[in-house]
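Reading through the structure tokens given below for one structure.
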Amino acid sequence: MSNLKKFKGICWGILLLTLWFAHLAYLLSRPFDLSSPWTYLGILIQMHLYTGLFITSHDSIHGVVSVEYPYVNNAIGRFCTILFAFNNYTVLRKKHHAHHAHVNTAGDPDVHQGNFFVWWFKFMWQYVTWQQVLAMAVTYNILKLWIPMWNLILFWELPAILSTLQLFIFGTYLPHRGEHAPGNQTQSRSQSRNHVWAFISCYFFGYHYEHHDQPYLPWWKLAAAKDQAENFTK
């Protein structure tokens, strides 16, 4: 059993990758109907799977997809960031470690206190590169040779955009906005304990205090950390 635990993070990563590929292939291969609720459900599911890709790459940045096999850890992280609109894993890793080291200070690349939309724009702008935009454009035009344009827009591009909003709201804006209690060195807060909603909203990253307090925990262990923290304060 102990040997199997070493591969748990890898298995979660492979599972999310498999679900992302399978669901996207299904959506791209079928005609869509804007009057059908299943179309919108499919978009939301794909959005959530995109978020799963990013969370997996995030865990790779912290080295917890595979502690024992760092090359596998980083390979999975890089692959997930490429699938997520050709993001740059090296840039993400550098900026995310800066976020943890300088949270909610001038040195934090993710936190820009103030207006929601200004913050979101600044958050997004620092990660977008011309190489990324070019890669997306080339890939889109190649895929368009075999896949209908609107299928690509609705099921490949739109869920990725919506996922960035999901990640920003639940993983950055709500946990870090405003003032924090004196002595809270994590400069973050957690959403109320509700494991179902915490998973649906952002793979438990609404439990953000727990993540900053214990960044070595993978996403699937944050619920237990939240339980432990609440039991401790009772």
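Between the amide H of residue 207 and those of 191, distances stay under 5 Å, these residues lying 5 or more places away or on another chain, with hydrogens modeled in the peptide plane. Evaluated at 20 °C with a viscosity of 1.002 mPa s, what Stokes-Einstein diffusion coefficient in µm²/s does the stretch 140-185 have when Rh comes from the Kirkwood expression over alpha-carbon pairs? Result for D is 162 µm²/s.
For the stretch 1-61, compute Rh as the Kirkwood radius over C-alpha pairs and then the Stokes-Einstein diffusion coefficient at 4 °C and 1.567 mPa s; write the answer in µm²/s, rounded to an integer.
Values: Rh = 13.1 Å.
It comes out at roughly 99 µm²/s.
In whole angstrom, the chain maps to an equivalent ellipsoid with semi-axes of 30, 21, 19, each derived as √(5λ) from the alpha carbon gyration tensor and ordered largest first.
Keeping all protein chains in place, calculate the accessible area per residue for the chain (probe 1.4 angstrom), answer in Å². Numbers along the way, then the final one.
On the way: 12890 Å² over 234 residues.
Result: 55 Å² of accessible area for each residue.
Calculated FRET efficiency, residue 26 to residue 192, Cβ-Cβ distance, R0 = 30 Å: about 0.30 to the nearest 0.05. Entry note: the stretch 87-130 has Rg to Rh equal to 0.97, where both radii use alpha-carbon atoms and Rh is the Kirkwood radius.
How large is the Kirkwood hydrodynamic radius of the stretch 32-83, in angstrom, based on all distinct alpha carbon pairs?
Numbers: mean 1/r = 0.0822 Å⁻¹.
About 12.2 Å for the stretch 32-83.
What net charge is computed for the residues neighbouring residue 12, neighbours being all others with C-beta under 14 Å from the C-beta of residue 12, Lys and Arg scored +1, Asp and Glu -1?
So the surrounding residues net to +3.
Cross-link check: pairs 6/95; 122/226; 5/221; 8/94 evaluated at a Cα-Cα cut-off of 19 Å; pairs beyond the cut-off: 6/95; 122/226; 8/94. Across q = 0.20, 0.23 Å⁻¹, the stretch 37-155 modelled as identical point scatterers on its alpha-carbon atoms has Debye log10 I(q)/I(0) values of -1.24, -1.32, in the order of the q list.
Tally Lys and Arg at +1 and Asp and Glu at -1 over the other residues with C-beta under 12 Å from the C-beta of residue 68: what net charge comes out? The answer is +3. Across the stretch 103-109, computed HN-Hα scalar couplings (Karplus, 6.51 cos²θ - 1.76 cosθ + 1.60, θ = phi - 60°) run 4, 6, 10, 4, x, 8, x Hz from first to last residue, x flagging Gly and Pro.
Rounded to the nearest whole Hz, the Karplus-based 3J(HN,Hα) values (6.51 cos²θ - 1.76 cosθ + 1.60, θ = phi - 60°) of the stretch 36-53 follow the sequence 9, x, 5, 4, 6, 5, x, 4, 5, 5, 5, 4, 5, 6, 4, 4, x, 4, with x at glycine and proline.
The values are calculated or read from the model by the stated rules, or taken from the named source; none is laboratory data. Owing to the predicted nature of the structure, the values given are computational and were not obtained by experimental measurement. Every residue, glycine among them, receives a Cβ derived from its backbone with ideal geometry; neighbour counts consider all protein chains shown. The area values use the complete protein model at the heavy-atom level, side chains included, leaving out ligands, DNA and RNA. Shrake-Rupley method; radii C 1.70, N 1.55, O 1.52, S 1.80 Å.
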